[in-house]
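These notes are about the structure you will find just below.
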Amino acid sequence: MKKIYVPLLTLVLFISVASAQVVTSFTVDPLYPTTTDTITVYVQCDFTNAPCEGFAQVDNISGTQINATAFHCVGSLSTLCTDFDTLVIAPLAAGQYTLSVLLLQGDMMAGCIVGATPPGFGAVLIDVTQATSIAEITHNNELAISPNPSDGNFSIKRKSIGESTIKIFSTDGRLMQSLLLSGTETNVACSLKPGVYIVAEESAGETIFGRLMIAR
């Protein structure tokens, strides 16, 4: 019987505002967090000016609401700038949580003080399940990709040594790249744009998924 492991689909909610910055996407690691996992969330932020370095922090957790703030000091070069912030969340009780991120920017030429630019905003739902043997099996069947985030050069570690097909999809389901693998570890080079992608390995009637972040 063909076994298919379906990746956790994380619902991302966005509110559009007239601002120069926006939260573009979230990547939650692990894909299937349990009550024993420390959760790392990578937040992609896009700006209309460069450079755009910054940081993010978790402000508070109230019930199932997680509030965080990201602050970036933005330069005057008129070009699209992408940066990734990292949020680390201690193990949570089982349940569905909403992580809300308020994105603020300051002008590098004005001492990086938050000015009149309206803030950006993004939110993502995180489902945390009770740690069980079933959840552990799910973790064990995730595709191992490293480094992740990657600049486009990464390796895939596999349990089998036979041939398998690797397919890389965009989050809207478009096939971006396909290649044939053999051996237990293969190095991959791709020229994908920065963002989040789904990687699927098809081998011996089984499909295993992983999530890849490209950051350049």
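The values are calculated or read from the model by the stated rules, or taken from the named source; none is laboratory data. Remember, predicted model here, so these are calculated numbers, not experimental data. Don't worry about glycine lacking a Cβ; one is built from the backbone with ideal geometry, like all the others, and counts go over all protein chains shown. When the accessible area is computed, the model is the full protein with side chains, heavy atoms only, and any ligands, DNA or RNA have been set aside. Shrake-Rupley method; radii C 1.70, N 1.55, O 1.52, S 1.80 Å.
Using 0.36 nm times the number of residues separating Leu125 and Gln57, minus their current alpha carbon distance, what extension gain do you get?
Numbers: separation 68, 0.36 × 68 = 24.48 nm, distance 1.74 nm.
Answer, rounded to one decimal: 22.7 nm.
Kindly sort Ser178, Ser25 by accessible area of their heavy atoms, largest first, with the probe set to 1.4 Å. Could you put the intermediate results ahead of the total?
Details: Ser178 70, Ser25 25 Å².
Ranking Ser178, Ser25 by accessible area, largest first, yields Ser178, Ser25.
For Thr165 and Ala110, what is the calculated FRET efficiency with R₀ set at 45 Å and r taken between the beta-carbons, to the nearest 0.05? Walk me through the numbers before you get to the answer.
Numbers: r = 52 Å, r/R0 = 1.16.
According to the calculation, E is roughly 0.30.
Between Thr186 and Thr38, with labels modelled 7 Å along Cα→Cβ, what's the label distance in nm to one decimal, could you check?
So the label points at Thr186 and Thr38 sit 3.3 nm apart.
Please give the peptides 208-215, 91-98 ranked by average Cβ packing (other Cβ atoms within 10 Å per residue), highest first, as a rough proxy for protection. Can you show the working numbers first?
On the way: 208-215: 20.2, 91-98: 13.8.
By packing density, highest mean first, the sequence is 208-215, 91-98.
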